[in-house]
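Enquirer: Let me begin by handing over the structure; questions about it come next.
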Amino acid sequence: MKRRDFSKTLAGGGLGLWLAGTARAQGGPVEGTHYLRLSQPAPVTLPSPDKKVEVIEFFWYECPHCNAFEPMIEAWAKKLPADVAFRQVPVGFTARHQVAQKAYYALEEMGQLEAMHARVFAAIHVQRQRLLTEKAYADWAAAQGLDGEKFGALMRSFSVATKANRARQLSDAYRVDGVPSIGVQGRFYTSATLAGDYERALAVTDHLIQVARKGG
């Protein structure tokens with residue numbers, strides 16, 4: 001979903017066939033076509049010394065493409081090598097984006113992100129709930145058995161505001177202009193638009209992890 005018009009057209013295709021064809025024709029994903037190299041590196045945050053490569057998915061809860069991509073990237077992330085640190089970063093392009101962004105970090109502050117992350121997507125895209133305000137999210141949290149008052153307070157808290165601000169700085173550093181999109185090691189950026197579709201974006205990311213691991 002594009003930053004400006006929130007629309008995207010995705011091409012279809014098989015992951016294996018595309019990888020083989022691209023490798024034969026071009027030697028792998030092509031810089032400037034399937035991914036971009038940042039002219040100014042973005043910050044990298046690795047959680048421990050055993051992690052060497054950071055991968056970030058930028059997303060928005062209301063984005064239908066992010067919703068479709070979520071189960072794919074979740075399955076992909078579970079198979080990542082031990083030296084790769086993966087995390088998701090909600091974008092804050094507009095005030096509407098920032099409400100969902102604060103909800104994400106409020107869940108994280110409550111230790112409920114893993115349990116509730118998929119439920120937020122389901123509430124919006126399956127149950128068609130209009131989670132557009134802090135109150136709507138607090139009411140939704142209460143309906144999930146959480147402390148709605150605490151959740152609302154966290155959405156307005158300094159800690160969540162700090163995390164949201166850092167997320168916006170990071171998306172600006174990666175020059176994110178649409179979601180879902182993926183940043184690798186503060187140096188590379190790809191998306192379904194650049195790669196061709198969701199599976200290809202993940203294939204390009206696998207390639208970029210190898211490049212980053214080698215210091216490329």
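Enquirer: Only one of 187, 213, 200 is of a type outside the set (Ser, Thr, Tyr), in contact with a Lys or Arg (Cβ under 8 Å, 6 or more places away or on another chain) and buried (at least 16 other Cβ atoms within 10 Å of the Cβ); which?
Expert: 187
Enquirer: Which count do you get for residues in segment 120-150 that are touching a residue at least 60 places away in the same chain (Cβ under 8 Å) and not hydrophobic (A, V, I, L, M, F, W, C)?
Expert: Qualifying residue count for the region: 1.
Enquirer: Sticking with this one: Quickly run through segment 40-61 and pick out the residues that are surrounded by fewer than 21 Cβ atoms within 10 Å (Cβ to Cβ) and not hydrophobic (A, V, I, L, M, F, W, C).
Expert: The answer is 40, 41, 43, 45, 47, 48, 49, 50, 51, 52.
Enquirer: Follow-up question, since we're still on this one. What about residue 189, is it in contact with a Gly (Cβ under 8 Å, 6 or more places away or on another chain) and among the aromatic types (Phe, Trp, Tyr)? Can you show your working first?
Expert: Working: in contact with a Gly (Cβ under 8 Å, 6 or more places away or on another chain): yes; among the aromatic types (Phe, Trp, Tyr): yes.
Answer is yes for this residue.
Enquirer: Here is a further query. Which of (1) more than 17 Å from residue 29 (Cβ to Cβ); (2) not in a loop (DSSP other than H, G, I, E, B) is the odd one out, the single condition residue 200 does not satisfy?
Expert: All conditions pass for residue 200, except number (1).
Enquirer: A further question follows. Which one of 156, 130, 166 is surrounded by fewer than 20 Cβ atoms within 10 Å (Cβ to Cβ), out of contact with any helix residue (DSSP H, G or I) (no Cβ under 9 Å at 6 or more places or on another chain) and either modelled with pLDDT under 95 or basic (Lys, Arg) (or both)? It would help to see each step written out before you state the result.
Expert: Values: 156 fails: out of contact with any helix residue (DSSP H, G or I) (no Cβ under 9 Å at 6 or more places or on another chain); 130 fails: out of contact with any helix residue (DSSP H, G or I) (no Cβ under 9 Å at 6 or more places or on another chain).
The unique qualifying residue is 166.
Enquirer: Out of (1) loosely packed, with under 15 Cβ neighbours inside 10 Å; (2) touching a residue at least 60 places away in the same chain (Cβ under 8 Å); (3) not small (Gly, Ala, Ser), the odd one out for residue 94 is which?
Expert: Going through (1) loosely packed, with under 15 Cβ neighbours inside 10 Å; (2) touching a residue at least 60 places away in the same chain (Cβ under 8 Å); (3) not small (Gly, Ala, Ser) one by one, residue 94 breaks only (2).
Enquirer: Going by the structure shown, is residue 100 under 20 Å from residue 166 (Cβ atoms) and small (Gly, Ala, Ser)?
Expert: Values: under 20 Å from residue 166 (Cβ atoms): yes; small (Gly, Ala, Ser): yes.
When the stated conditions are applied, residue 100 passes them.
The values are calculated or read from the model by the stated rules, or taken from the named source; none is laboratory data. On a predicted model such as this, the values are computed, not experimentally measured, just so you know. When we count neighbours, we look across all protein chains shown, and the Cβ atoms used for this are built from the backbone with ideal geometry, even at glycine.
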